[in-house]
1. Just to be sure I understand the filter: pairs with C-beta atoms under 7 Å, separated by 6 or more residues or on different chains, first member in region 63-91 and among the basic types (Lys, Arg), second member in a helix (DSSP H, G or I) and away from the ligand (no atom under 14 Å from the Cβ). Which pairs pass?
2. If I go through region 143-165 residue by residue, how many of them are in a loop (DSSP other than H, G, I, E, B) and open to solvent by less than 20 Å² (accessible area, probe 1.4 Å)?
3. Quick one: in region 66-87, which of the residues that are open to solvent by 30 Å² or more (accessible area, probe 1.4 Å) and part of a loop (DSSP other than H, G, I, E, B) is nearest to Val226 (Cα to Cα)?
4. Among the listed residues Gly154, Gly139, which satisfies the condition of being of a type outside the set (Lys, Arg) and more than 18 Å from Thr240 (Cβ to Cβ)?
5. Which of the numbered conditions does Gln116 fail, given that it passes all the others? Conditions: (1) outside any helix (DSSP H, G or I); (2) surrounded by fewer than 22 Cβ atoms within 10 Å (Cβ to Cβ).
6. Being of a type outside the set (A, V, I, L, M, F, W, C), closer than 18 Å to Thr353 by Cβ, assigned by TED's automatic domain parsing to the domain that holds Gly210 and part of a helix (DSSP H, G or I): is that true of His63 here?
7. Which of the residues spanning region 214-244 are more than 11 Å from the ligand (Cβ to nearest atom) and in contact with a Gly (Cβ under 6 Å, 6 or more places away or on another chain)?
8. Does Ala90 meet the test of being assigned by TED's automatic domain parsing to the domain that holds Gly213 and surrounded by fewer than 24 Cβ atoms within 10 Å (Cβ to Cβ)?
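The values are calculated or read from the model by the stated rules, or taken from the named source; none is laboratory data. All values derive from a computational prediction rather than experimental measurement. Cβ placement follows ideal geometry from the backbone for every residue including glycine, while neighbour counts extend to all protein chains displayed. These area figures cover heavy atoms from the full protein model, side chains too; ligands, DNA and RNA do not enter into them. Shrake-Rupley method; radii C 1.70, N 1.55, O 1.52, S 1.80 Å.
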Amino acid sequence: MKFWASLGFVAALAAHAAPAQNVEQATCESPLQRKAWHTLTRTEKSLYIEAEKCLMSLPSKLHQATARTRFDDFQMTHVLETPNVHFVGAFLPFHRFYMYAHEVALRTECNYAGAQPYWDESLDAGNFSTSIILDPESGFGGNGVGKNNCIADGPFKSYVNAIGPGQVNTDHCIDREVTDCASQAASLDIVNACLKKATFQDMWNCIEGGPHGAGHGGIGGQMLNVFSSPGDPLFYLHHTWLDKLWWDWQSQNLNIRLTEIGGTNQGSPFLSFNGTFPPFPPIGGNFTFPPFPGGPNGTIPGFPGNGSCSPFGGFPGGFPTGPPSSPSKIEDTVPVNIAGDPGNVTTLGHVLTVHGSIPDATISDVMNIQGSLLCYKYA
Ligand SMILES: [Cu+2]
């Protein structure tokens, strides 16, 4: 049987000494329960926050030239992977894998017994500034203040980011610039429109352009930087929510959607362009999230960010996906050299990496949140 021909599979069996006939059952017996922040008890909230603070206190293992802590390691991994994992078909798979790696680190390095919570932003759409997630006592602290928009209360107020902004690494505070109007794209109407999309590509475009943009633009500051946004610990709750939305979409038709992938495999030229580009005010020499085609109506929604919720009018140089329309202005597009995925369209063989926090995996490995690698569920 072809099944048995896989050396990796046999080695995995040997390593776990699992009886062969129980392989199916042995995969995901007790999925971790991921819950919405709004439903956590006060104790659950503080256990999560303590675990994140623990990651912020452990020394870097992966990126010691730039990172000081394990929290920084994750942020740096994101900075380095940014061109490969935004505005491409691997956007949702990579971030699913990355959220999982973060959850594993909390559990294995910081004695956290819970699951990665998520922020159901539809509950706060249009009202991020009054969200309980920004509570200084039970949450992540509030909006930034002063000239640099540094957060001034809450458990993370004194954390010094060593990574960012963007691809520049300089010590700085966690900053926020909460913008309620930008958070409107997290509304239930938009979420539901995304969940109704018929294809992976349309759903992904809708989520990346809509709810994804709402979280980054609605919190602003660090969160609005496409490279260094994981410097704000809210990032992990934001992207876990997006992961849930993908799973909600998949769950409507698992027969097809456990293997449905697609979308461009060509990284955005805007993320590898070494220079300033007119519509995006550079932050630390880098760009905030650009607009993204494929909002809930399949049109250009205008990226809800940059301190405004007015639509982004026009976009010089075309959309940030696909081949550059002005090659002479582009230093280089991201080369199509993703391991396991040499073509222009994203496939299941595409290798995802978090730089060794956990071993590399393929998109195929992360399609099922209750499969052989991942084992969690959403409430
Ligand atoms: Cu990202």
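1. Arg70/Leu55; Arg70/Ala105; Arg70/Glu109
2. Let us first name the residues in region 143-165 that are in a loop (DSSP other than H, G, I, E, B), namely 143, 146-149, 152-160, 162-165.
Next, from what is left, pick out any that are open to solvent by less than 20 Å² (accessible area, probe 1.4 Å): 154, 156, 162-164.
Result for region 143-165: 5.
3. The first filter runs over region 66-87 and keeps only residues open to solvent by 30 Å² or more (accessible area, probe 1.4 Å), leaving 66, 68, 80, 84.
Then keep just the ones that are part of a loop (DSSP other than H, G, I, E, B); that gives 66, 68.
Values: Thr66: 18, Arg68: 21 Å.
Applying the filter and picking the extreme gives Thr66.
4. Sole residue among the options that is of a type outside the set (Lys, Arg) and more than 18 Å from Thr240 (Cβ to Cβ): Gly154.
5. (2)
6. Details: of a type outside the set (A, V, I, L, M, F, W, C): yes; closer than 18 Å to Thr353 by Cβ: yes; assigned by TED's automatic domain parsing to the domain that holds Gly210: yes; part of a helix (DSSP H, G or I): no.
For His63, the condition - of a type outside the set (A, V, I, L, M, F, W, C), closer than 18 Å to Thr353 by Cβ, assigned by TED's automatic domain parsing to the domain that holds Gly210 and part of a helix (DSSP H, G or I) - is not met.
7. Within region 214-244, Gly217, Gly221, Gln222, Leu224, Gly231 meet the criteria.
8. Working: assigned by TED's automatic domain parsing to the domain that holds Gly213: yes; surrounded by fewer than 24 Cβ atoms within 10 Å (Cβ to Cβ): no.
So Ala90 does not fit the description; no.
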